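> Have a look at this one.
The values are calculated or read from the model by the stated rules, or taken from the named source; none is laboratory data. In this text, all values refer to a predicted model and were calculated from it rather than measured experimentally. Virtual Cβ from ideal backbone geometry, glycine too; neighbours counted across all protein chains shown. With ligands, DNA and RNA removed, areas are computed over all heavy atoms of the protein, side chains included. Shrake-Rupley method; radii C 1.70, N 1.55, O 1.52, S 1.80 Å.
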Amino acid sequence: MEMGKGTCRQIAIQVSDESLKADLEKYRQMALDMGATEAEIIPAGWVEVDERVLLKCQVPFCMHYGRCANCPPHAPPPDLVRQSFARFKWAVLFKADAANVADLADMARYWPNGQKEQRRSLDIVNEIESQAFADGHYLAVGFSAGSCQDGLCGGHFCQMLDSGRCPFYLRARPSMEAVGIDVCDLINKIGWQIYPIYRRVDPALVPCAISVGVVFIR
Ligand code: SF4
């Protein structure tokens, strides 16, 4: 969005079902227009926060654990996240398939190809959240795929942890998994496919590689 060209709508505590439905559909379409393969409006209650997801950040250590201000143990804690999500009714969920599975499944191709995949999902989440805010859904909040240390900072040292100055302070945000969202459970609920990506996987055996984002609207 060009600076100074954004729309602005009155913030209302109550909105009609018709108006909310139209907005949700607009955000779903935004995701598709920005490169998502599929996008759906989902009940917020479908999103499960599970401490086991956060345990996987530490056992064994993820390379971002403790090294990124948006990753555990610095990310919002699960009780805060769970209680906050319970106040929402609707969210927009999307997935973006990597054009080349190897971009995400082959470590030799991850830089810079997989990094760009993560950044695209971050951008989609940011745009939808910003538009929802402009439309008066002032509590809208979104989470993306992968650490912003990869998606925005190219894997370099987190400047937010170092100096308190994040160069991407309005773009950086925790990933879905960093706040304990069980992404695999959600993908299965909606009927999409997700496969395990790990260091030794043969990319030729991976049917699809996706990055996922979710924006809670109301
Ligand atoms: S974008 Fe970079 S500096 Fe900002 S929180 Fe993420 S890793 Fe840290």
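> Output wanted: per-residue J couplings in Hz (rounded whole) for the range 172-182, from phi through Karplus 6.51 cos²θ - 1.76 cosθ + 1.60, θ = phi - 60°, x for Gly and Pro.
6, 7, x, 6, 4, 5, 5, 9, x, 5, 7
> Moving on to the next point. Which one, Ala98, Ala178, Ala134, has the greatest fluctuation when you compute a Gaussian network model over the chain with C-alpha springs under 10 angstrom?
Ala134
> Mind telling me which of Gln83, Gln29, Gln149 comes out most flexible in a GNM of the chain, alpha-carbon contacts under 10 Å?
Taking springs between Cα atoms under 10 Å, the residue moving most is Gln83.
> If you don't mind, another one. Averaged per residue, what accessible area in Å² does the range 152-218 show with a 1.4 Å probe, protein chains only?
55 Å²
> Which percent, nearest 5, of DSSP beta bridges in the chain are antiparallel? It would help to have the intermediate numbers written out before the result.
Details: 18 of 19 bridges.
Of the beta bridges lying entirely in the chain, close to 95 percent run antiparallel.
> While we're on this one: Kirkwood Rh over Cα pairs of the range 17-216 into Stokes-Einstein at 37 °C, 0.692 mPa s: D in µm²/s? Intermediate values should be presented prior to the final figure.
Working: Rh = 17.1 Å.
Using the Kirkwood radius from Cα pairs, D works out to 192 µm²/s.
> Also, quick follow-up: On full extension of the chain, what length is gained from Ile187 through Gln83, given 0.36 nm per residue of separation minus the C-alpha to C-alpha distance?
Contour length minus Cα-Cα distance gives 35.3 nm.
> Moving to a separate point now. Picking from Val92, Val101, Val201, which is most flexible by a Gaussian network model of the chain using Cα springs under 10 Å?
Of Val92, Val101, Val201, the most mobile in the Gaussian network model is Val201.
> Just to verify a number: FRET efficiency for Leu55 and Val201, C-beta to C-beta distance, R0 = 30 Å, to 0.05?
Efficiency at R0 = 30 Å is approximately 0.85.
> Turning to a different aspect of this structure: How far is the Cα center of the range 88-109 from the Cα center of the range 146-218, in Å?
Result: 8 Å between the Cα centres.
> Net charge near Pro203, counting Lys/Arg +1 and Asp/Glu -1 over other residues with Cβ under 13 Å of its Cβ?
0
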